[in-house]
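S.K.: First, the structure itself, so that you have it in front of you.
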Amino acid sequence: MDDEVVDRVEGIIRAIPPGEVLSYGEVADRAGVRSPRLVGRILSECGDDLPWHRVVRSDGSPTPHLATRQLALLRAEGVRIAGGRVVS
């Protein structure tokens, strides 16, 4: 994986303010990468030191295997959640 791409994606994720979220696709668009899946891959490999919980699916749903933790972190930041999804 290209280090420059990883740096761009990580920079965008670090810049998401508390209480706000972006979708994987929005991060990909801002980073100039083709695939939201690449964003997910980067998060899976580098996510511990990033505010990973601020990146959700396009429908506002959390990462399935981390859903409970992700939604708790988002609620703690004041993000509105309804039906297990982020409400805009």
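Each value in this text was obtained by applying a stated rule to the coordinates, not by laboratory testing. Everything numeric in this text was worked out from a predicted model, so none of it was measured. For neighbour counting, all protein chains shown are included, and Cβ atoms are generated from backbone atoms with ideal geometry for every residue, glycine included.
S.K.: Can you name every residue in the range 33-54 that is part of a helix (DSSP H, G or I), more than 9 Å from the chain's Cα centre (by Cα) and of a type outside the set (Gly, Ala, Ser)? Give the steps one after another, and end with the answer.
M.R.: We begin by selecting, within the range 33-54, every residue part of a helix (DSSP H, G or I); these are 36-49, 52-54.
Narrowing the set further to residues that are more than 9 Å from the chain's Cα centre (by Cα) leaves 36-38, 41-42, 44-49.
Those that are part of a helix (DSSP H, G or I), more than 9 Å from the chain's Cα centre (by Cα) and of a type outside the set (Gly, Ala, Ser): Pro36, Arg37, Leu38, Arg41, Ile42, Glu45, Cys46, Asp48, Asp49.
S.K.: Output the number of the condition that Val79 fails; it satisfies all remaining conditions of (1) buried (at least 17 other Cβ atoms within 10 Å of the Cβ); (2) assigned to a loop (DSSP other than H, G, I, E, B); (3) free of Cβ contacts under 8 Å to residues at least 40 places away in the same chain.
M.R.: The failed condition is (3).
S.K.: Among (1) surrounded by fewer than 17 Cβ atoms within 10 Å (Cβ to Cβ); (2) in contact (Cβ under 8 Å) with a residue 40 or more places away in the chain, where does Asp48 come up short?
M.R.: Result: Asp48 passes all but (2).
S.K.: Please pick out the residue among Leu74, Leu66 that is assigned to a helix (DSSP H, G or I) and surrounded by 17 or more Cβ atoms within 10 Å (Cβ to Cβ). Write out each step before concluding.
M.R.: Working: Leu66 fails: surrounded by 17 or more Cβ atoms within 10 Å (Cβ to Cβ).
After ruling out the rest, the residue left standing is Leu74.
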